[in-house]
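Participant: Mind having a look at this structure? Questions to follow.
Every read-out reported here was derived from the displayed coordinates using simple, explicitly stated rules and does not represent laboratory data. Treat the numbers as computed from the prediction; the structure is a model and nothing was measured. Please note: Cβ atoms are built from the backbone with ideal geometry, for glycine as well, and neighbour counts cover all protein chains shown.
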Amino acid sequence: MENKDILDEQSSTDTTQPDNLTTETPTEEEAVTINGGEPADEPAVEAVASVEAETAEPTGSATDAAFREVAELKDKYLRLYADFENFRRRTAKEKLELIGQANEGLLQSLIPVVDDFERAMLSMEKTEDVAALKEGVSLIYTKLFKTLEGKGLKPMVAKGEPFNADLHESITQFPAPSDDLKGKVIDEVEKGYYLNDKVIRFAKVIVGS
């Protein structure tokens, strides 16, 4: 009997809860403090997933947009290529026309000089006045030279100038008549010419040695 009373007393003692314990469910912060852990990141993960879901474009729509963009770029490329080909052909045609008609203005200016020469040749057959023929030929020459000068032609002055390989072509060397003419042009066999300050024919000269 005594042993049974002792067991009943211990059982009664174990089922009794301390006054400082509570059966209420702890909050999340309390649970974190008790367990020594970190608060869960589930709300942040859910927010990120929600943003990605809102910004993500459906795969089919993105593919269609890419195809449309490629088609637009291809159309622009084809139009630009066609415009360039038309420009290239037009430029090549204009260049050929310019080359073919480059001397048109000069030839038109020389036609009156040709007319004067024809009249002079007719006069030679009918007249025996040599002085008049000489005067006529001199006038025609002056007219021809003025016409060429108007087109930019200019004669080169070489005689007495120091020899310059950029302007002169030496065909031979002769002893200089004086010391000051050594290395200079002492005679001009063929006149040189400029066209708008560009040498179009070198002067053939004799250089003093």
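Participant: Which Cα, out of Leu167, Gly183, Tyr194, lies furthest along the positive dipole direction of the range 154-209 (beta carbon charges, K/R +1, D/E -1)?
Facilitator: Tyr194
Participant: A further question on this structure: Figure the gain on full extension for Asp197 and Ala120 (residue separation times 0.36 nm, minus the Cα-Cα span) and round it to one decimal in nm. It would help to have the intermediate numbers written out before the result.
Facilitator: Values: separation 77, 0.36 × 77 = 27.72 nm, distance 3.34 nm.
Extra length available between Asp197 and Ala120 comes to 24.4 nm.
Participant: On to the next question. Provide, for q = 0.20 Å⁻¹, the log10 of I(q)/I(0) from a solvent-free Debye sum over equal Cα point scatterers in the range 106-201.
Facilitator: Evaluating at q = 0.20 Å⁻¹ gives log10 I(q)/I(0) of -0.95.
Participant: Hey, another quick one. Quick check: pseudo-label points 7 Å beyond the Cα along Cα→Cβ at Thr142 and Glu72, how many nm apart are they?
Facilitator: 7.5
Participant: For Lys143, which lysines qualify as cross-link partners when the Cα separation must be under 24 Å and same-chain residues fewer than eight apart are set aside?
Facilitator: Lys126, Lys134, Lys151, Lys154, Lys191, Lys198
Participant: Shifting gears a bit: Quick one: grab Rg to one decimal and Dmax as a whole number for the range 154-209, Cα atoms only, in Å.
Facilitator: Considering the range 154-209 through its Cα atoms, Rg and Dmax are 10.9, 35 Å.
Participant: Can you give me the long-range amide H partners of Glu190? Hydrogens built in the peptide plane at 1.01 Å from N, cutoff under 5 Å, separation of 5 or more residues or another chain.
Facilitator: Excluding prolines and chain starts, which carry no amide H, the hits are Lys204.
Participant: While we're on this one: Explain nothing, just compute: Karplus ³J(HN,Hα) = 6.51 cos²θ - 1.76 cosθ + 1.60, θ = phi - 60°, for every residue of the range 180-187 in order, whole Hz, x for Gly and Pro.
Facilitator: Residue by residue, the range 180-187 yields 6, 9, 5, x, 10, 7, 9, 7 Hz.
Participant: Once you keep just the Cα pairs under 8 angstrom separated by 6 or more residues, what percentage relative contact order results for the range 154-209?
Facilitator: On the way: 130 pairs, mean separation 26.2, N = 56.
Computed over the range 154-209, the figure is 47 percent.
Participant: Can you give me the Kirkwood hydrodynamic radius for the range 52-179, using every pair of distinct Cα atoms, in Å to one decimal? Write down the numbers at each step before the final one.
Facilitator: Numbers: mean 1/r = 0.0430 Å⁻¹.
After inverting the mean inverse Cα-Cα distance, the result is 23.3 Å.
Participant: Can you give me the C-alpha center-to-center distance between the range 60-91 and the range 130-183, rounded to a whole angstrom?
Facilitator: Spelled out, the Cα-based centre of one part sits 62 Å from the other.
Participant: Now for a different question. Under 5 Å between amide H atoms, partner at least 5 residues away or on a different chain: which partners does Ala176 have, H built in plane at 1.01 Å?
Facilitator: Residues meeting the criterion, in which the H sits 1.01 Å from N, are Ser209.
Participant: Just order 163-172, 185-194 by mean Cβ neighbour count inside 10 Å, highest at the front, would you? Intermediate results must be reported in sequence, preceding the final value.
Facilitator: On the way: 163-172: 13.6, 185-194: 16.5.
Output ranking for 163-172, 185-194: 185-194, 163-172.
Participant: On to the next question. Rounded to the nearest 0.05, what FRET efficiency do Glu169 and Ala132 have when you use their Cβ-Cβ distance and R0 = 41 Å? Walk me through the numbers before you get to the answer.
Facilitator: On the way: r = 39 Å, r/R0 = 0.94.
The computed FRET efficiency comes out at 0.60.
Participant: Between Glu104 and Glu190, what's the calculated FRET efficiency when r is the beta-carbon distance and R0 is 41 Å? Round to 0.05. Don't skip to the answer; put the middle values down first.
Facilitator: Numbers: r = 28 Å, r/R0 = 0.69.
With R0 = 41 Å, the Cβ-Cβ based efficiency is 0.90.
Participant: While we're here: Using the Kirkwood formula over every pair of different C-alpha atoms, what hydrodynamic radius in Å results for the range 75-147? Working shown, then result.
Facilitator: Values: mean 1/r = 0.0614 Å⁻¹.
Taking every pair of different Cα atoms in the range 75-147, averaging 1/r and inverting gives 16.3 Å.
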